[in-house]
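Right, one structure below, let's go through it.
The values are calculated or read from the model by the stated rules, or taken from the named source; none is laboratory data. Bear in mind the structure is a predicted one, so any value in this text is a computation, not a measurement. Neighbour counts run over all protein chains shown; Cβ positions are idealised from the backbone, glycine included.
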């Protein structure tokens, strides 16, 4: 009989424990849902993490920089709609912005604003002129080897209203408005705030889409994390 009594206790304990577990499961699910909603809200309307895989902004932003972007100030788009929140500020010259590439909106570019709508922009012997005034650009990088290049010249252009003329800081290695035209203001996503992590690896490694090489590369990050992380750029404000 003792064995029978013990056998009867098991289902009664399970029945009494179930009501205690159910509220905890519901609490955990609610907490996970709140976290998910908060993450979605922050990523959509406030900030977003992004990787810089190319050297077009070299000198200011390096290949392998992982940056946090501020989206809120520039009127982020409401998901699944064509609506945008009101922008709190206008894009200004010399600011670095992230934007949807006009020729392929699936791609996001990061460049510096050289001129805004209504400006007259020109390049004479590597010097940028906006409205006929030379612009001091301490951030601009050039290949100074005379046998590799000649000073650049670009005929004057007037930037259409509602558009931006953008350039990469690495002037000799940047695909920008000099080649494919201006950027509509509505394409602007946000501006980079800071580098939260920077890992020293070439462009080819970040852009390689071969699954086998990707696995090898990200495995190498684990083994070289401390040696190849640029610690001086961690928390670097842009």
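Kindly indicate whether any position in segment 205-215 is within 18 Å of the chain's Cα centre (by Cα), surrounded by 14 or more Cβ atoms within 10 Å (Cβ to Cβ) and within 21 Å of residue 111 (Cα to Cα).
yes
In segment 91-119, what residues are under 19 Å from the mean Cα position of the chain (by Cα) and part of a loop (DSSP other than H, G, I, E, B)? Break it down into steps so the answer makes sense when it comes.
To start, the set of residues in segment 91-119 that are under 19 Å from the mean Cα position of the chain (by Cα) comprises 91-92, 94-113.
Correct list: 91, 92, 94, 95, 101, 102, 103, 104, 105, 106, 107.
If residue 84 satisfies all but one of (1) surrounded by 12 or more Cβ atoms within 10 Å (Cβ to Cβ); (2) touching a residue at least 60 places away in the same chain (Cβ under 8 Å); (3) within 21 Å of the chain's Cα centre (by Cα); (4) closer than 28 Å to residue 62 by Cβ, what's the number of the condition it fails?
All conditions are met except number (4).
Of the residues that make up segment 223-238, is at least one modelled with pLDDT of 90 or more, in contact with a strand residue (DSSP E or B) (Cβ under 8 Å, 6 or more places away or on another chain), surrounded by 14 or more Cβ atoms within 10 Å (Cβ to Cβ) and farther than 30 Å from residue 72 by Cβ?
Checking segment 223-238: at least one residue is modelled with pLDDT of 90 or more, in contact with a strand residue (DSSP E or B) (Cβ under 8 Å, 6 or more places away or on another chain), surrounded by 14 or more Cβ atoms within 10 Å (Cβ to Cβ) and farther than 30 Å from residue 72 by Cβ.
Inspect segment 120-141 for any residue being closer than 29 Å to residue 195 by Cα and under 19 Å from the mean Cα position of the chain (by Cα) and give the result as yes or no.
No.
Kindly list the number of the only condition in (1) over 19 Å from residue 60 (Cα atoms); (2) in contact with a helix residue (DSSP H, G or I) (Cβ under 9 Å, 6 or more places away or on another chain); (3) touching a residue at least 60 places away in the same chain (Cβ under 8 Å) that fails for residue 166.
(1)
Tell me which residues, restricted to segment 48-73, are at pLDDT below 90, out of contact with any helix residue (DSSP H, G or I) (no Cβ under 9 Å at 6 or more places or on another chain) and not in a loop (DSSP other than H, G, I, E, B).
50, 68, 69, 73
Based on this model, can you work out whether residue 218 counts as in contact with a strand residue (DSSP E or B) (Cβ under 8 Å, 6 or more places away or on another chain) and more than 30 Å from residue 121 (Cβ to Cβ)? First the steps, then the outcome.
Details: in contact with a strand residue (DSSP E or B) (Cβ under 8 Å, 6 or more places away or on another chain): no; more than 30 Å from residue 121 (Cβ to Cβ): yes.
No.
Give the residue that is surrounded by the most Cβ atoms within 10 Å (Cβ to Cβ), with candidates limited to residues of segment 181-204 that are under 16 Å from the mean Cα position of the chain (by Cα) and over 30 Å from residue 162 (Cα atoms).
Narrowing segment 181-204 to residues under 16 Å from the mean Cα position of the chain (by Cα): 187-199, 203.
Next, from what is left, pick out any that are over 30 Å from residue 162 (Cα atoms): 196-199, 203.
Working: 196: 14, 197: 18, 198: 21, 199: 19, 203: 15.
Among those residues, the one meeting the criterion is 198.
Do you know which residues across segment 164-193 are over 11 Å from residue 99 (Cβ atoms), assigned to a strand (DSSP E or B) and modelled with pLDDT of 90 or more?
165, 167, 170, 192
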